[in-house]
1. Would you pick out the residues in segment 4-37 that are open to solvent by less than 100 Å² (accessible area, probe 1.4 Å) and within 32 Å of the chain's Cα centre (by Cα)?
2. Filter segment 167-188 down to residues that are open to solvent by less than 30 Å² (accessible area, probe 1.4 Å) and in contact (Cβ under 8 Å) with a residue 60 or more places away in the chain, then give me how many there are.
3. Tell me whether segment 223-236 contains one or more residues that are at pLDDT below 95 and among the β-branched types (Val, Ile, Thr).
4. Just to be sure, is residue 218 in contact (Cβ under 8 Å) with a residue 60 or more places away in the chain, at positive phi and more than 7 Å from the ligand (Cβ to nearest atom)?
5. Show the residue pairs meeting these rules: Cβ distance below 7 Å; 6+ apart or different chains; first residue within segment 38-59 and under 20 Å from residue 205 (Cα atoms); second residue not in a helix (DSSP H, G or I).
6. For segment 165-190, enumerate the residues that are more than 9 Å from the ligand (Cβ to nearest atom) and of a type in the set (D, E, K, R).
7. Filter segment 38-95 for residues that are among the polar types (S, T, N, Q) and more than 30 Å from residue 230 (Cβ to Cβ); which is nearest to the chain's Cα centre (by Cα)?
8. Only one of 193, 247 is open to solvent by less than 50 Å² (accessible area, probe 1.4 Å), near the ligand (Cβ under 10 Å from one of its atoms), touching a Cys at 6+ places or on another chain (Cβ under 7 Å) and modelled with pLDDT of 90 or more; which?
Amino acid sequence: DFSKRIEVQQSDEVGNLAASFNTLASSLEAVDQKRREFLQNVSHELRTPLSYMKGYTEAILDGVAGDTAAVEKYVTIIHNETDRMQRLVHDLLDLAQLEDDSYPMRNEPLPFAQLITDVVDRFELTASQKGIQLIQNLDDEIIVNGDSDRLEQVVSNLLANAFRYTPPGKPIQITLMKERMTAVLRIQDSGPGIPKEELPKVIERFYRVDHARTRKEGGTGLGLAIVYQIVKKHHGEFLIDSDIGCGTTVMVKLPLFVG
Ligand code: ADP
C-alpha cells in the first residue's frame, strides 16, 4: 500500500526526509496504478475476441446455424478473432522484450533507404488496391546503426497506420534526409489526422483515438508503443505532428553511422 503519507511538520532534515518519502510514495503509487490499468486493458482486449469465439462456437454446436453458408460465416468470424488474439499476444510479448533492458539488440551499419524501400515494397499490393499514390524521396547515402529487423518493424508499423487511415486515392509521402548529424525519416499521410490534445497519448499502450473504428481495421493499439520503444533503444527520437483534418506526419530521427 503506497498511499501512506508522513505528516510533515518540521522544516529541518527530518522534515525534508519525510517530504522525500512522500514524493517517492506518490511515484510508486503512479507506477502501481499504470500496472493495474495495463492488466485491465490486456484482460479486456483478450476477453472480447474470446467471447466472440465462444458465442459462435456454441451457436454451431447448438445447431443455430441452419445451413453450410451460415456455418461458414460463423467459422470465418471465429478465425478472424483467433487471428486478432494471435497478433495481440505477439505484440505483447514483443513489447515485454523491448522494455527489458537486458534484451539484446543488434547494432550494425545499415543503408537506411534500402531498408525503407524493402518495407515499402511489401505495401505495393495495398497501395494499388486502395489507389494510394506513394511519393518517395530517399537519400540513399544515409547509413544508420542498428538492428535491421527492429528498424523494419518501425517502418512497417508506421506505414501500416498511414495506409490504414489514408482514404482511397489520396497520397502518402515518404522522405529520408540528413539533418545536421541525424537521419530523419518522415511519413506524411492524408488521413483524418489526430486531435492535437490526444497526440501525447497515442504512444501509450492500447490508446486509440477511435476505438470502434481501429478495432474494425485490425489494429492492436500497440503499434506506436512498439515503435517508440525501438526508436528509444536506438538512441533516436520519435515525433508525431498532426491535427484534425490535416493528415498525420510521423518522424523518426536516428543518429548517423560514424565509421
Ligand atoms: P493501432 O494498432 O490501433 O493502429 P497504434 O499504436 O499504431 O495502434 O496507434 C494508436 C492510435 O493512434 C490508433 O488507434 C489511431 O487512433 C491513432 N493513429 C495512429 N496513427 C495514425 C495515423 N497515421 N492517422 C490517424 N490516426 C492514427
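1. Of segment 4-37, the ones open to solvent by less than 100 Å² (accessible area, probe 1.4 Å) are 6, 8, 10, 12, 14-16, 18-23, 25-33, 37.
Matches in segment 4-37: 23, 25, 26, 27, 28, 29, 30, 31, 32, 33, 37.
2. Residues meeting the conditions: 5.
3. No, every residue in segment 223-236 fails to be at pLDDT below 95 and among the β-branched types (Val, Ile, Thr).
4. yes
5. Note: pairs meeting the criteria are 38/205; 41/205; 41/206; 45/206.
6. If we filter segment 165-190 for residues that are more than 9 Å from the ligand (Cβ to nearest atom), which is where we start, we get 167-186, 188, 190.
Residues satisfying the conditions are 170, 178, 179, 180, 186.
7. Filtering first and then ranking leaves 51.
8. 193
The values are calculated or read from the model by the stated rules, or taken from the named source; none is laboratory data. Note that the coordinates shown come from a computational prediction; the quantities given were computed from them, not determined experimentally. Because the Cβ atoms are built from the backbone with ideal geometry, glycine has one as well, and the counts that use them run over all protein chains shown. The area values use the complete protein model at the heavy-atom level, side chains included, leaving out ligands, DNA and RNA. Shrake-Rupley method; radii C 1.70, N 1.55, O 1.52, S 1.80 Å.
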